[in-house]
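The values are calculated or read from the model by the stated rules, or taken from the named source; none is laboratory data. Note that the structure is a prediction, hence the values are computed from the model and not measured. Neighbour counts run over all protein chains shown; Cβ positions are idealised from the backbone, glycine included. Each accessible area value is taken on the protein alone, full model and side chains, heavy atoms only, with ligands, DNA and RNA left out. Shrake-Rupley method; radii C 1.70, N 1.55, O 1.52, S 1.80 Å.
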Amino acid sequence: MDEPAPPYLKVHFRLEVEDDWPPAGVESLWATDRGNGTVELANTPFFVRGVAIGDIVETSTDNKGTRWAGSVVRPSDNCTIRLIVLRDGGSAAARQSVLNVFHELGAGGEGIERFRMVALDIPPNAEVVKIKRPLQEGVEREWWHVEEGCITDAWRTAEPA
């Protein structure tokens, strides 16, 4: 997500790095202030686990004014699914074609060139079984690797169509 106009703010998440992944110790996400020290996440995370766009998260502010994320106080029921795109070396065209395929199935998302990644936002009204099939097919064809960053019970129990 490009830098939005106010009233968006950045909320920072500390990441646990293991075997040099993720490639940073902090990820910042756009959010809107919900009051009482909470924010609503406004973009899909590339590295943070356990959160999705629309989640309400408690925060604290340090003495430098940096807003740090705490626990999710109300999940959005969105899922975050990440892909490392292998096809065509993860080119911009390959990443965009992935976004296009999943957009047609009701998923949002964005890509990041540096890591050849696409982060998908699967809303609760999406037909999960129809999304899981091309995800699985892409893994089988070695077009991408998939990571489930934040999933719901509906995602866990859905069988690919």
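Key figures
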{"item": "Test result for residue 98, touching a residue at least 40 places away in the same chain (Cβ under 8 Å) and in a helix (DSSP H, G or I)", "result": "yes"}
{"item": "Unmet requirement for residue 11, which otherwise passes all of (1) among the aliphatic types (A, V, I, L, M); (2) modelled with pLDDT of 95 or more; (3) open to solvent by 30 Å² or more (accessible area, probe 1.4 Å)", "result": "(3)"}
{"item": "Only listed residue being of a type outside the set (Gly, Ala, Ser), open to solvent by less than 50 Å² (accessible area, probe 1.4 Å) and at pLDDT below 95, chosen from 115, 102", "result": "115"}
{"item": "Check on residue 109, over 15 Å from residue 145 (Cβ atoms), in contact with a Ser or Thr (Cβ under 9 Å, 6 or more places away or on another chain) and crowded, with 20+ Cβ neighbours inside 10 Å", "result": "yes"}
{"item": "Subset of the stretch 57-79 that is part of a strand (DSSP E or B) and touching a Phe, Trp or Tyr at 6+ places or on another chain (Cβ under 9 Å) - its residue that is nearest to residue 147 (Cα to Cα)", "result": "79"}
{"item": "Given (1) under 21 Å from residue 154 (Cβ atoms); (2) modelled with pLDDT of 95 or more, index of the condition residue 96 fails", "result": "(1)"}
{"item": "Test: residue in the stretch 147-156 that is farther than 25 Å from residue 71 by Cβ, of a type outside the set (Phe, Trp, Tyr) and open to solvent by less than 60 Å² (accessible area, probe 1.4 Å)", "result": "no"}
{"item": "Residue check for residue 139: in contact with a His (Cβ under 9 Å, 6 or more places away or on another chain) and assigned to a helix (DSSP H, G or I)", "result": "yes"}
{"item": "Residues located in the stretch 21-39, provided they are in a strand (DSSP E or B), of a type outside the set (S, T, N, Q) and either within 10 Å of residue 10 (Cβ to Cβ) or open to solvent by less than 60 Å² (accessible area, probe 1.4 Å) (or both)", "result": "27, 29, 30, 31, 35, 39"}
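Residue-by-condition table, conditions (1) within 11 Å of the chain's Cα centre (by Cα); (2) over 22 Å from residue 159 (Cβ atoms):
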position	(1), (2)
77	no, no
82	yes, no
87	no, yes
109	yes, yes
116	no, yes
